[in-house]
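The values are calculated or read from the model by the stated rules, or taken from the named source; none is laboratory data. These numbers were taken from a predicted model, which means no experiment stands behind them. Ideal geometry is used to build each Cβ from the backbone, glycine not excepted, and the neighbour counts take in all protein chains shown.
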Amino acid sequence: MTNEEKSKENSEEKIDKTGKTDKSEKTSGIFAPKRFSELGANERRYVISAALSAAAMVIVIIAAYVTGAGAGFNLIGLASVILVLILALIAAKMTGKKAVLLAGSLLGLLMIIAGLALTVTAGDNFQMMITGGFIMFIICFAGYRKPADREIQDERSLKIGTWGMAYSWYLTYLVIILAFWLSYLKAVTFTVEMITGILIILMPVSTIIFQKYFASRGDVY
Amino acid sequence: METKIREYRVMKNLTQAELAEAVGVRRETVVFLEKGKYNPSLKLAHDVAKVLGATIDELFIFDDDE
C-alpha cells in the first residue's frame, strides 16, 4: 500500500468508525490544539526540539545549582537566549528553503573566519564564535545540499540515521571517559570550554561520518 | 542474500525511481535492495513483491549456508 493510499484509508476510517466528523476539523485553525500524533513530520521535529531544549536548560540549571557553580537569574536568561538561537537555527533548517540555508551557511562561514581572525589579531580566544559558526555552517550547508528525494524518510534512512547517532554517542562517551582519566591523572589539562567545544564538534561530525559509512554499505549490518 | 528485484522490475518496465515512488522509499533504497545489500522489513518486502507481481520467496533468495 502506498503512502497516499494509506492516508486516504486512515481518513476514511476516521469517518467510518466514528460516524461523525473529527472534532479537530471543527476547531481547526492556527491556535487549535492538536495531538502529537496528528502533527506532520516537521511539526513533530519542532515540538521535540523545543521539548528537548527545555529539558536541556533544566538539566544545566539543576547541575549548576547542585554543583554550587553559583547560578543566578542571569544563567536562566542566558540559557534561554542560547536555546532560542538554537531553535531558530533548527527552524531555519526545517523551512527547507534554499535561500535561508545558503544564508545560514555563509553566516556560519563568516563566523568561523571572524573568530579565527579575531583570535590572531586581538589575542583573545574566540572559540565560541568559531564553534558556533562551524555548527551553523555544517547544519545549513548539509540542508542546502540535500537532493529533492532526500525529503522522504524511509525505513532504511531512519535505521541508518538512528544507528549513526548511536555509534556517535558511543564514541563521544569513550572520548569523555578518556578525557576524564587523562585530566584526573594530570596527563593533560582540559578547560571546560575545550571539552565542550570538542564534544559540540565531535558529535555531529561523527554522526555524519557514521551515517555516510552505513549509507555507502547499504545497511548497518 | 540475492534478489531478483531488478529482473522483475525490468519485466514490469519500471525504473528504480518509479518503483521507489510506488513503495514509498528513496531510490537509493531500491538500488541497495537490488544489490542484495539491504535487508528490508517484512512490510517493505511485501510492498515490493506486490508492486512487481511476485511473491517474497521469488524476489528474495537466501543462502541457507550463511
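Taken over the stretch A:185-221, the criterion of being at positive phi and either within 14 Å of chain B (Cβ to nearest Cβ) or crowded, with 17+ Cβ neighbours inside 10 Å (or both) is satisfied by A:G218 alone. Scanning the stretch A:36-51 for residues that are exposed (fewer than 13 other Cβ atoms within 10 Å of the Cβ), closer than 16 Å to A:V84 by Cβ and touching a residue at least 24 places away in the same chain (Cβ under 8 Å) yields no hits at all. Taken over the stretch B:19-41, residues that are over 14 Å from A:D154 (Cα atoms) and surrounded by 15 or more Cβ atoms within 10 Å (Cβ to Cβ) amount to 2. B:I61 meets the conditions (1) within 10 Å of the chain's Cα centre (by Cα); (2) aliphatic (A, V, I, L, M); (3) more than 14 Å from chain A (Cβ to nearest Cβ) in every case but one. The failed one is (1). Looking at B:L14, B:L44, which one is assigned to a helix (DSSP H, G or I), within 14 Å of another protein chain (Cβ to nearest Cβ) and surrounded by 14 or more Cβ atoms within 10 Å (Cβ to Cβ)? Criteria check complete, one pass: B:L44. Residues that are farther than 14 Å from A:A54 by Cβ and among the polar types (S, T, N, Q) were ranked within the stretch A:74-111; the one that is surrounded by the most Cβ atoms within 10 Å (Cβ to Cβ) is A:S105. Being of a type in the set (A, V, I, L, M, F, W, C), at the interface with chain A (Cβ under 9 Å from one of its Cβ atoms), closer than 23 Å to A:S216 by Cβ and not in a helix (DSSP H, G or I) is true of B:V25. Residues that are part of a helix (DSSP H, G or I), away from chain B (no Cβ under 13 Å) and at pLDDT 90 or above do not occur anywhere in the stretch A:139-153.
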